[in-house]
Amino acid sequence: MIPFSPPRIDDTICNEVILALKSGWITTGPRTKLFEKKITAYCGNKTTLCLNSATAGLEIMLRWFGVTEGDEVILPAYTYSATANVIIHCGAVPVFVDVNAKNFNIDPKAIEAAITPKTKVIMPVDFAGFPCDFEAINALAVKYKHLFRATSERQDQLGRILVLSDAAHSFGASVNEKKTGSLCDVSVFSFHAVKNLTTAEGGAVALNFEEPLFDNAAIYSELCIKTLHGQNKDALAKTQKGNWRYDIVEAGYKCNMTDLSAAIGLVELERYDSDTLVKRQYICNRYSELLKTDVRLQLPIFHEQGIQSCYHLYPLRVNNITEAQRDAIMQEIFNQDVSVNVHFIPVPGMSFYKRLGYDVMNYPITYTNYSREISLPVFYDLTDEQIEYVVNAVKIALDKVLC
Ligand SMILES: *Cc1c(COP(=O)(O)O)cnc(C)c1O
């Protein structure tokens, strides 16, 4: 069976984790702090906080901004449910909008049509690692300043809609040479096991607020407390001689990153550009070369007009098919021992969201993208022979189902 996206766990990773284990420091400590600094240097944002998931990072930032009952948050219907769930956790209303047919990303025109005086945050998602149109999205936040009704100190300070990017897929992607993380107010990366860069579980909040209006370093300190019980000293600070007393300054959360995770992340980051991305680009380009002459298929876009993907997924679309035909094609591919996936089952079609009254059919492009989409395996150790095998499996499946 060709798997879909197993992590790359080699001796370099194992040795670094063993060093962390033997260092005597396994929770948040020197490796996490170093990883944060290296992410900031890589992305060119202002400062970075590592956490145990992207989901935690997104929710913390909504709460930090004071998003609450009665507020609206705009997001694409075509995303993973985590993007929407965190809005529900805050008591706010997810306002789903449609995406574009070209690259699967949120459509700025649809965002504009959805903005109301209740809109507090826009959460774009860089689908498959292809950055959204941040120029247009950032401009909308400014354009609708006059509609914005601040109901928290932070909202007052920003004076406009917050652009909080779900960059779970797009670590290392860029727009005009500027990396994700530095393209809007805040971007949240995921280092979950299936993502491009992994720490087993993990995420990072890339802060990039305009200075001196905001002090990103001060927000970082505030978030460290918020993500560790509301405790004013972390475990490392408490190990200083006599420094045992601490205070709880708010009812905080618990979602810090461990140094074991950071150990994996440091190795992954070190070889990300020179090795990981080179390989992922090679795999995606090879698929495209082998599939481009097949008129039944629509191939994904990886770079265009200064926008550069980080090759997180290979989202293939089959032209003019129904959802049932797509499912049948996938089954035929699985029957040949190749793991494929669908990104994503649209959130408004999930039973929880259906019960809230959402209907996937209100997002026609999202639905067509979804019903024709099949994601092919992309992972570091995928060989040339396996790539060819996957391509043949796809073609055989298409011949069978579309005959
Ligand atoms: C993976 C993913 C998340 C969640 O990331 P975690 O680190 O698992 O919390 C959020 N949004 C999108 C689009 C994702 O693909």
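Are any residues in region 196-227 within 15 Å of the ligand (Cβ to nearest atom) and either surrounded by fewer than 18 Cβ atoms within 10 Å (Cβ to Cβ) or not hydroxyl-bearing (Ser, Thr, Tyr) (or both), and if so, which ones?
Once the filter is applied, which keeps residues that are within 15 Å of the ligand (Cβ to nearest atom) and either surrounded by fewer than 18 Cβ atoms within 10 Å (Cβ to Cβ) or not hydroxyl-bearing (Ser, Thr, Tyr) (or both), region 196-227 yields ASN196, LEU197, ALA200, GLU201, GLY202, GLY203, ALA204, VAL205, ALA206.
Regarding GLY24, is this residue away from the ligand (no atom under 16 Å from the Cβ) and either under 24 Å from ILE137 (Cβ atoms) or small (Gly, Ala, Ser) (or both)?
So GLY24 passes the test.
Could you please find all residues in region 170-195 being small (Gly, Ala, Ser), more than 9 Å from the ligand (Cβ to nearest atom) and either modelled with pLDDT under 95 or more than 12 Å from the chain's Cα centre (by Cα) (or both)?
If the condition is that a residue be small (Gly, Ala, Ser), more than 9 Å from the ligand (Cβ to nearest atom) and either modelled with pLDDT under 95 or more than 12 Å from the chain's Cα centre (by Cα) (or both), then SER174, SER182 are the ones that fit.
State all residues of region 58-83 that are open to solvent by less than 10 Å² (accessible area, probe 1.4 Å), part of a helix (DSSP H, G or I) and either within 8 Å of the ligand (Cβ to nearest atom) or not assigned by TED's automatic domain parsing to the domain that holds ASN256 (or both); if no residue qualifies, say none.
LEU58, THR83
Only residues that are part of a loop (DSSP other than H, G, I, E, B) and crowded, with 17+ Cβ neighbours inside 10 Å: list them for region 317-338, please.
Residue satisfying the conditions is ILE321 alone.
Which residue is nearest to the ligand (Cβ to nearest atom), if the candidates are limited to region 41-54 and must be part of a helix (DSSP H, G or I) and crowded, with 24+ Cβ neighbours inside 10 Å?
ALA54
Would a scan of region 15-34 turn up a residue that is at pLDDT 95 or above, closer than 23 Å to TYR311 by Cα and outside the structural domain of CYS310 (by TED's automatic domain parsing)?
Checked against the condition, which is being at pLDDT 95 or above, closer than 23 Å to TYR311 by Cα and outside the structural domain of CYS310 (by TED's automatic domain parsing), region 15-34 yields no hits at all.
Tell me, please, whether a residue that is touching a residue at least 60 places away in the same chain (Cβ under 8 Å) and under 30 Å from PHE214 (Cα atoms) can be found in region 7-27.
Within region 7-27, one or more residues are touching a residue at least 60 places away in the same chain (Cβ under 8 Å) and under 30 Å from PHE214 (Cα atoms).
Under the condition of being touching a residue at least 24 places away in the same chain (Cβ under 8 Å) and surrounded by fewer than 19 Cβ atoms within 10 Å (Cβ to Cβ), which residue from region 112-132 is nearest to LEU183 (Cα to Cα)? Please lay out each step first, then the result.
Pass one, region 112-132, residues touching a residue at least 24 places away in the same chain (Cβ under 8 Å): 112, 114-132.
Now narrow it down to the ones that are surrounded by fewer than 19 Cβ atoms within 10 Å (Cβ to Cβ): 112, 114, 116-118.
Details: GLU112: 19, ALA114: 22, THR116: 24, PRO117: 24, LYS118: 24 Å.
The extreme case among them is GLU112.
I'd like the residue in region 267-296 that is without any contact (Cβ under 8 Å) to a residue 40 or more places away in the chain and over 25 Å from LYS37 (Cα atoms) and, out of all such residues, is least open to solvent (accessible area, probe 1.4 Å).
The selected residue is SER288.
Let me spell it out: the conditions are (1) touching a residue at least 60 places away in the same chain (Cβ under 8 Å); (2) under 20 Å from the mean Cα position of the chain (by Cα); (3) crowded, with 21+ Cβ neighbours inside 10 Å, and ILE374 meets all of them except one. Which number is the exception?
Among (1) touching a residue at least 60 places away in the same chain (Cβ under 8 Å); (2) under 20 Å from the mean Cα position of the chain (by Cα); (3) crowded, with 21+ Cβ neighbours inside 10 Å, the lone unmet condition for ILE374 is (1).
The values are calculated or read from the model by the stated rules, or taken from the named source; none is laboratory data. Treat the numbers as computed from the prediction; the structure is a model and nothing was measured. Glycine also receives a Cβ, built like all others from the backbone with ideal geometry; neighbour counts cover every protein chain displayed. Protein only, heavy atoms only, side chains kept; ligands, DNA and RNA dropped before computing areas. Shrake-Rupley method; radii C 1.70, N 1.55, O 1.52, S 1.80 Å.
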